[in-house]
Amino acid sequence: MERPERWIVRKPAVASRAGVVATQHQAASEAGARVLAEGGNAVDAAIAASVALATVEPWMSGLGGGGYMMVLPAGETRARAVSFGMVAPGSLDPADYPLTGETAADMFGWPAVLEDRNLHGPFAVAVPGQVAGLALAHERFGSRPWAELLAPACALAEEGMEVDWHATLAIAASAPELARDAGCSTTYLQDGLPKAAPWNGPAPRIRLGGLAETLRRLAEAGPRDFYSGEIANAICADMAAAGGRLAAADLASYRAEVEEAPVTSYREVQVMTAPGLTAGPTLVDVLNRLTASLPTGSTEGEAYCAYAGALTGAYAARLRGMGDSAAADRASCTSHLGTVDGDGTVVALTQTLLSPFGARVMLPQTGLLMNNGIMWFDPRPGGPNSIAPGKRPLSNMCPTIVEFADGRRAGIGASGGRRIMPAVAQLLSFLVDYGMGLDDAAHCPRISVDGPDLVEADTRLPAAVLAMLESDYEVAPRVYGVHPTAFACPNIVIWDPREGVAAGAAHVMSPNACVGAA
């Protein structure tokens with residue numbers, strides 16, 4: 001048994017009639033809430049919060065990444081999915097990633113590639129879709145001017161990122177990789193060491209390269225500038241100088257997509273999931289299994305055993321059929337946010353750079369941290385998820401919207417790699433099968449399953465429940481803490497039309513995660 005934490009942490013849910021924004025950082029939540037208060041809708045608030053996150057937790061997500069946004073407009077019953085995942089460059093050459101015969105020290109356990117080219121550096125960079133996705137969501141669902149929505153992020157970037165203890169921890173965990181890139185090293189390290197606040201003084205602030213100028217340009221020139229304007233030219237020039245494959249044609253041809261979200265019934269609710277190469281299809285598999293294995297009235301122990309069975313079975317099927325790796329994805333290096341406005345539009349948005357700080361490449365002219373989306377691909381040739389030019393990789397993002405029979409609607413999602421989907425499945429079950437409110441669901445212990453072989457269980461679970469799990473599965477007790485973390489980091493938002501109230505719950509153990517109320 002791991003040593004238990006010496007504290008009890010609670011983070012109460014927040015409610016408001018004018019709407020809420022739940023993110024992994026207070027500054028981003030407040031930026032989105034201000035947009036709501038000034039008359040923007042849930043999509044406007046999500047865009048503002050999304051871009052703000054690039055300035056306050058750049059190790060998680062940013063303009064150089066990609067993601068998925070789920071939108072359920074007020075008065076409608078079918079969500080739309082805005083897909084803007086990363087894509088391999090068109091000129092990518094699989095021969096650039098020769099295998100060494102060893103196992104890589106990455107989150108997927110792939111065979112090692114020469115010089116870890118698929119993990120960090122210019123060869124790891126895929127075509128970023130973040131700006132295109134936000135622009136498409138704005139075009140289809142937004143109500144406020146684009147420049148207005150980017151204004152909070154511009155102000156935060158000008159102010160500089162506060163290096164609090166949690167930021168220092170994130171920088172320290174990636175310091176060896178950050179030191180390899182001139183831009184990352186100059187920005188995040190000082191004499192080769194992570195920047196940190198003095199023990200009795202305020203946290204320092206650091207300028208994130210040229211990001212403030214890039215955000216101002218993006219606000220003024222519009223989102224297409226990222227793909228075929230001055231920003232695009234700067235990105236391509238810096239990538240060419242670094243020796244990467246990302247080129248002007250890749251940016252110019254990139255398009256985000258919007259479609260009706262797949263929907264499945266679970267008990268009395270409708271569950272709308274992210275489409276395609278996400279964890280959405282695997283979540284549906286889990287819910288189908290729970291329909292059979294988790295009868296009404298199940299005890300706590302029976303419920304967690306049912307969760308374990310459904311999750312291990314679904315992951316076994318995913319690994320066989322979708323080409324993912326059997327190794328654990330243990331890094332929590334993604335951002336999830338949820339928004340609800342006063343009319344009842346709900347947004348669930350998950351975005352990522354993939355690894356912490358992505359490819360650990362900061363482009364000199366723009367200050368952009370670039371993703372390492374090539375790591376999502378299997379470097380072995382001939383598989384369904386193998387590296388290939390112009391290809392979209394399999395991801396673990398799982399933003400989900402749930403509509404209840406009584407008219408309530410919820411947006412659920414998390415960061416945490418392959419641990420995301422198990423968190424979403426259990427939170428959904430807590431709300432649906434056990435009628436929990438937001439507070440109880442957000443604080444309820446969970447198990448984590450990221451493959452078919454091991455169940456990681458929160459040490460807060462009762463001994464009898466742990467014993468039941470251990471009778472059928474290999475179980476590893478894990479402490480629910482800040483770092484290292486064995487569990488995903490979820491945020492939940494709910495709209496209740498019966499009361500005309502929006503509410504949100506932020507991840508309890510993320511130090512900066514919070515809900516902003518309009």
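Worth a mention:
- The set of residues from the range 433-463 being within 17 Å of P490 (Cα to Cα), surrounded by 20 or more Cβ atoms within 10 Å (Cβ to Cβ) and of a type outside the set (D, E, K, R) comprises L438, A441, A442, I447, S448, V449, A457.
- Taking the range 153-162 as the range and being surrounded by fewer than 20 Cβ atoms within 10 Å (Cβ to Cβ) and either in contact with a Pro (Cβ under 9 Å, 6 or more places away or on another chain) or without any contact (Cβ under 8 Å) to a residue 12 or more places away in the chain (or both) as the test, the residues that pass are A155, G160, E162.
- Restricting attention to the range 394-414, the residues that are modelled with pLDDT under 95 and among the polar types (S, T, N, Q) total 2.
- In this entry, R117 passes the filter for residues that are basic (K, R) and closer than 18 Å to P393 by Cα.
- Extreme residue, nearest to the chain's Cα centre (by Cα), among residues of the range 110-136 that are without any contact (Cβ under 8 Å) to a residue 40 or more places away in the chain and part of a helix (DSSP H, G or I): D116
- The residue that is surrounded by the fewest Cβ atoms within 10 Å (Cβ to Cβ), counting only those in the range 464-491 that are hydrophobic (A, V, I, L, M, F, W, C), in contact with a helix residue (DSSP H, G or I) (Cβ under 7 Å, 6 or more places away or on another chain) and closer than 30 Å to V21 by Cα, is F487.
- Selection of the range 453-491 for residues being in contact (Cβ under 8 Å) with a residue 24 or more places away in the chain, in a strand (DSSP E or B) and over 19 Å from the mean Cα position of the chain (by Cα) yields V455, E456, A457, D458, P477, R478.
- Helices (runs of 4 or more DSSP H) wholly inside the range 137-254 that include at least 2 residues being in contact with a Cys (Cβ under 9 Å, 6 or more places away or on another chain): 175-178, 211-221, 248-253
- Pairs with Cβ under 6 Å, 6+ apart, first in the range 492-503 and in contact (Cβ under 8 Å) with a residue 12 or more places away in the chain and closer than 28 Å to S335 by Cα, second among the aliphatic types (A, V, I, L, M) and part of a loop (DSSP other than H, G, I, E, B): A503/A13
- When L178, L211, L150 are checked against the criterion of being in contact with a helix residue (DSSP H, G or I) (Cβ under 7 Å, 6 or more places away or on another chain), within 30 Å of T345 (Cα to Cα) and crowded, with 16+ Cβ neighbours inside 10 Å, L150 stands alone in meeting it.
The values are calculated or read from the model by the stated rules, or taken from the named source; none is laboratory data. On a predicted model such as this, the values are computed, not experimentally measured, just so you know. Cβ atoms come from the backbone with ideal geometry, glycine included; neighbour counts cover every protein chain shown.
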